[in-house]
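What follows is a single structure, written as structure tokens, with notes after it.
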Amino acid sequence: MIYIHWPFCKSKCTYCNFNKYIDPNPDHKRMKNSLISEIKHYVQKYDMKGRIIHSVYFGGGTPSLALPSTFEEILNTIANEFTLPSNAEITMEGNPTSTETRKLQNFHSIGINRLSLGLQSLDDIELKRLGRDHTSKEAINAVKESIEIFGENVTFDLIFGREGQTVDDWRIELKNALEIASNHISLYELTIKRGTPLYKDFIKGKFKKPSPDKLADLYDITLEITKKYGFQQYEVSNFQRNEKYSKHNYGYWSGLDYLGIGPGAHGRLTVPSKEARFRTIRRLYPEEWMKQCEETGEGIAKYEQMSSADVRNELVLFGLRTRIGIPRTRFRKYSLDQELEKYLNMEQVNKFIEDGFLVWENNYTKYDKEWVLNDFREEIQNGVLRPTEKGLAVIDEIVPRILY
Amino acid sequence: MISRPILFNIRSHINNKSYIIHRNTLYISKRINRSLNINYGNLFRNAVRPLQKRGHSSSSNPNKNIDLSKFPAENIRNFSIIAHVDHGKSTLADRLLELTGTISSNHLHQQVLDKLTVERERGITVKAQTCSMFYEYKNKDYLLNLIDTPGHVDFNYEVSRSLAACQGTILLVDSSQGIQAQTVANFFLAFNEGLAIIPVINKIDLPTAEPDRVINQIESTFELDVSLYVKISAKSGIGIDKILPAVIEKIPPPSGDINKPLKAFLFDSWYDTYVGVVCLMAIVDGKLQKGDKIMSAYSEKKYEVIDIGIMHPEQVITGHAGQVGYVICSMKVATEAHIGDTFYHIKNPVEPLPGFEPAKSMVFAGVFPTDTNEFSRLDESITKLTLNDASVSVQKETSTALGQGWRIGFLGTLHMDVFRQRLEEEHDANIIVTRPTVPYKIIYRDGTSKLIRNPTEFPDPMEMQNKVSELQEPMVLATIILPEEYMGSVMDLCGSRRGEQLEYNYMDESRVMMKYSIPLAEIVTDFHDELKSKSSGYASFDYEDMGYQTSDIVKMNVLINKKPVDALAAILHRSQVAHVGREWAKKLSEVIPKQLYEVIIQTAVGGKVIARETISAMRKNVTAKCYGGDVTRKMKLLEKQKEGKKKMKMIGNIELPQKAFYDFLSTGSGTSKKK
Ligand SMILES: Nc1nc2c(ncn2[C@@H]2O[C@H](COP(=O)(O)OP(=O)(O)O)[C@@H](O)[C@H]2O)c(=O)[nH]1
Ligand SMILES: C[S@@+](CC[C@H](N)C(=O)[O-])C[C@H]1O[C@@H](n2cnc3c(N)ncnc32)[C@H](O)[C@@H]1O
Ligand code: SF4
Ligand SMILES: [Mg+2]
């Protein structure tokens, strides 16, 4: 898996703390060359020539503002250096402005086969408040056009838990969204991130967060309505129909390696020679990052070995955010053959099982569409520890209690 | 020499509390700390080598070596100064020390007396107001011993013992404030000891001074002969020269006999890092010397006298009847020095002096480390602190909710606050202190009785029914002095605290003295604060022990999801249960964080629920999105959360963070800490 970060945006959204810069005219050529040089550098350094890449993800920032030719060359590089099968998932994030929508066909033609649109809301006043530079009409249009181009492989994001949002407001907005959705949607509760304009307003009291009870109501209704539309919540904020889950994101959660390319990108890779996993972090600022790429071939800022506890905790933490949970097999695979039961505080686990927060599926036999995804049927054969719907809603309370 | 920062901390901590506390805090700090302000390093050296005279002293005593044998009992006066806080006791003591040349009158020294050269030379603080002075009067040299008395009700017993070492006292009253509660309490202590009392009216330099009015108050309140009073200004020095002549004329000399067997009376002690336990003793009869073997009448323990001397910068040795001074003997810990104890030569037992009581804790509280791993470290800290303070009693205690800790007994709540503060600040302790409990008495049918210091010791219903004949609680006699206009509201306050008025008198046209019998339990909480606020700060208050009284007391349990939390139980009077029960349930529901499970908080007496609050189960806590940089942050947070969970106290399914206990117990549910 490869993640490629495009760090530029046209406008600044009030809630966003991603590594992004408002620059209407970035140096496309230097960016392209640097991204390509990082990919090549990786292949060389870790001897990855010809490795199979199942997924490429262009994230941001706003990658739909990049030139299709840039991504084309990148994909070509990947195909040359690695092996890129024709069924690889190649996703791009995009903003639903009309200008960007016009370029979607181009992106599709250079090989991108999945599109993730940041709608955030279908309410124009809300869009303004969030600092978005598109209207709901443009957004709806973008979804329609995308479906025409990318078919089932279109998803979009909405944010709920906005100031003053009522359960009824959200019910209507979500239904409208699901009416036009393809088979995937991401529904995020608005998070107040440090350093954002929203955070400052929150501190000053200008922005008021809905009460915990209200947020719980909004979450409950989200589950209720998506279910009605036939969607399965396969991760806290991600919903799919027809097995159209995001392979790329699932890869993060299930412990796969991924290369992180581009300013501020994070990656995780196993170095077989060292029998260890590493986290990689690239330089944040595009200019510095490019400069370093030009000088040394890659813009790395940090490269650190993960402790075995880190690796295991990550598997537990992310596994339990998905409905499938942590398959025993997977845990063993990434943790030097340690058994999941040996790692967890089973006294606590059993208590949570008894109280309906967790389930231990020992011998999986029948397909239960509430939590299973077809692609994982094999991985779960040897049993999984998974959260119930009730458990998932409070999983941040549960995880620290089941780890020693 | 180190002067302790804690002094200032305590002052700011209890800043706008009653001034009683403010002053007494200083007293206790001094009492506990004074050993640290003293350098005993050269004490032994000085004992064998004459000291050089200080150049700048205006001493009226030119001798380098004072031969104490020149001071037979008739040339000795033992006296103290008793006063309400801030009426000028310290200032007057300083003036007397200057006048007699015991300390320099260099004005720069006035507020930093602790650091006097005499202390450095002699190694003993002269500032601790027990000290000896030499004074020539009508061609005769006198040895005048000024004996310090503690200034807080918490130390009433010690005050009475200090007074027992004197034959007379100066009753010092601020001429603009008039008689205050402590003046009264101290007066009666002195009166009961049969001391000669010299009324001294201070601060006559103030424009608001009303000396005549105060003299009338003294006359009417104490029925005291005021013909020989002295009017002074300790600050400006007016009238100071009349004090010591009055002391010599009016106070009788000690009546001891140097030829009788040794009888020494211990009235104060402290622990010093260098020399160990220092005792202050009055030699009632006989003679005491270095190397003597003595025995405690109370404990019958034997000691050898390592050093003795008087509290004076000049070189003096041996103690004769009538004299007062320090004795350093082979005592290991301060708890061996029982205030009020009598000592005699090993082979020569004598009748001990009356009035001795072993230290009696009046307030008990459970103390627990916030982090259970800190137990053994804090155990050492507590041991160290109690070395300095014999009046603290310590027992180990285990709570199911809070783990291992201690049940500590204090003389009073101020004493407790100071101890707590020292533990927190000097020993870096993170502690939870439970609601203080007074010692209740259980009287059994078979005539036996038992004191309980902990709600967990309260008899269960079975025992109550079958064995207990009655329950009793400690009472105090409270003296409250206040301007007439606040009588109504203060009487309401006392009534609401189950006080019973015993008498009230007008001390003059506008000041009233009221006496109440009040349960001790009612004043160990926030009574002081309330009294001050109900009287705009004008009421003064003091109290003394009044024994036990039958009382309808019950144990109130706090239950969390039906399980009692031992550390939160309380012993209350039945009439308070409804109110306190409701308040506690409410407050707990505010400090306990939401849980994965519903939390039901109940307060109950026996099987009867008084109040109930519920905290509904948490519905949602899950991070919406977690990518890239969030991951490392999330992992770090996870580590912190894991640590935090380990420190939780479990009550069934429910986790109580130590913080909840702390918040609950320190926001006014019983401790006298500020609100
Ligand atoms: N004006 C005036 N102030 C005095 C006099 N004596 C003491 N004070 C002040 O009263 C306050 C309390 O005095 P202090 O000796 O500490 O009182 P203590 O609490 O009884 O020891 C201090 O600020 C002194 O300076 C006096 O004669 N006149
Ligand atoms: C970082 S954005 C990048 C994609 C694109 N630039 C956009 O804005 O749509 C990915 C998604 O994360 C979600 N997101 C970003 N910040 C968020 C926040 N503070 N709270 C909730 N969701 C957030 C938004 O739904 C957004 O579409
Ligand atoms: S939400 Fe998307 S468009 Fe908005 S600032 Fe963040 S990355 Fe850019
Ligand atoms: Mg004083």
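The values are calculated or read from the model by the stated rules, or taken from the named source; none is laboratory data. Everything quoted here is computed from the prediction, not taken from an experiment. For neighbour counting, all protein chains shown are included, and Cβ atoms are generated from backbone atoms with ideal geometry for every residue, glycine included.
Within region A:14-42, residues that are away from ligand 3 (no atom under 16 Å from the Cβ) and at pLDDT below 95 have Cβ atoms under 8 Å from residues that are part of a loop (DSSP other than H, G, I, E, B) and of a type in the set (A, V, I, L, M) in these pairs: A:42/A:48, counting only partners at least 6 apart in sequence or on another chain. State all residues of region B:436-459 that are more than 17 Å from residue B:546 (Cβ to Cβ), among the hydrophobic types (A, V, I, L, M, F, W, C) and in a strand (DSSP E or B); if no residue qualifies, say none. Scanning region B:436-459 gives B:442, B:443, B:452. When A:61, A:94 are checked against the criterion of being away from ligand 1 (no atom under 16 Å from the Cβ) and either within 14 Å of chain B (Cβ to nearest Cβ) or at positive phi (or both), a single residue qualifies: A:61. Would you call residue B:607 under 45 Å from the mean Cα position of the chain (by Cα) and at pLDDT below 90? Yes, satisfied.
Screening region B:507-568 for strands (runs of 3 or more DSSP E) wholly inside it with 3 or more residues that are closer than 19 Å to residue B:181 by Cα and out of contact with any helix residue (DSSP H, G or I) (no Cβ under 8 Å at 6 or more places or on another chain) returns the ranges B:511-519. From the list B:612, B:582, B:633, B:619, the lone residue that is assigned to a strand (DSSP E or B) and free of Cβ contacts under 8 Å to residues at least 40 places away in the same chain is B:612.
Annotation: of all residues in region A:46-74 being more than 16 Å from ligand 3 (Cβ to nearest atom) and closer than 23 Å to residue A:244 by Cα, the one that is surrounded by the fewest Cβ atoms within 10 Å (Cβ to Cβ) is A:52.
Among the residues of region B:83-100 satisfying the criterion of being near ligand 4 (Cβ under 8 Å from one of its atoms) and among the hydroxyl-bearing types (Ser, Thr, Tyr), which is farthest from residue B:241 (Cα to Cα)? Here the residue is B:90.
Among what's in region A:307-342 and is in a loop (DSSP other than H, G, I, E, B) and buried (at least 18 other Cβ atoms within 10 Å of the Cβ), pick the residue that is nearest to the other protein chains (Cβ to nearest Cβ). My answer is A:321.
State the number of residues belonging to region B:644-657 that are out of contact with any Pro (no Cβ under 9 Å at 6 or more places or on another chain) and part of a helix (DSSP H, G or I). Counting residues in region B:644-657 that are out of contact with any Pro (no Cβ under 9 Å at 6 or more places or on another chain) and part of a helix (DSSP H, G or I) gives 1.
Scanning region B:208-253 for residues that are outside any helix (DSSP H, G or I), basic (Lys, Arg) and more than 16 Å from ligand 4 (Cβ to nearest atom) yields a single hit, B:231. Scan region A:357-374 and give yes if some residue there is more than 14 Å from chain B (Cβ to nearest Cβ) and part of a helix (DSSP H, G or I), otherwise no. The answer is yes, given that some residue of region A:357-374 is more than 14 Å from chain B (Cβ to nearest Cβ) and part of a helix (DSSP H, G or I). Take residue B:199 and decide whether it is away from chain A (no Cβ under 14 Å) and within 16 Å of ligand 1 (Cβ to nearest atom). Considered against the rule, which asks whether it is away from chain A (no Cβ under 14 Å) and within 16 Å of ligand 1 (Cβ to nearest atom), residue B:199 comes out as yes. Evaluating residue A:298 against the criteria (1) more than 19 Å from residue A:56 (Cβ to Cβ); (2) part of a loop (DSSP other than H, G, I, E, B) leaves one unmet condition, (1). Applying the criterion of being of a type in the set (A, V, I, L, M), out of contact with any Lys or Arg (no Cβ under 9 Å at 6 or more places or on another chain) and closer than 26 Å to residue A:239 by Cα to the residues of region B:609-637, the residue that is farthest from the other protein chains (Cβ to nearest Cβ) is B:635.
Would you call residue A:91 of a type in the set (Val, Ile, Thr), buried (at least 16 other Cβ atoms within 10 Å of the Cβ) and near ligand 2 (Cβ under 10 Å from one of its atoms)? Criteria not met by residue A:91. Listed by first and then second residue, the pairs linking a residue in region B:589-608 that is within 14 Å of chain A (Cβ to nearest Cβ) to a residue that is charged (D, E, K, R), with Cβ atoms under 6 Å apart and 6 or more places separating them unless they lie on different chains, are B:596/A:397. Here are the criteria: (1) within 11 Å of another protein chain (Cβ to nearest Cβ); (2) surrounded by fewer than 17 Cβ atoms within 10 Å (Cβ to Cβ); (3) among the small types (Gly, Ala, Ser). Tell me which single one residue A:297 does not satisfy. Here residue A:297 clears every test but (1). Pairing residues of region A:342-358 that are within 18 Å of residue B:617 (Cα to Cα) with residues that are surrounded by fewer than 17 Cβ atoms within 10 Å (Cβ to Cβ) and among the charged types (D, E, K, R), at Cβ distances under 8 Å and at least 6 apart in sequence or on separate chains, gives A:356/A:390; A:357/A:390.
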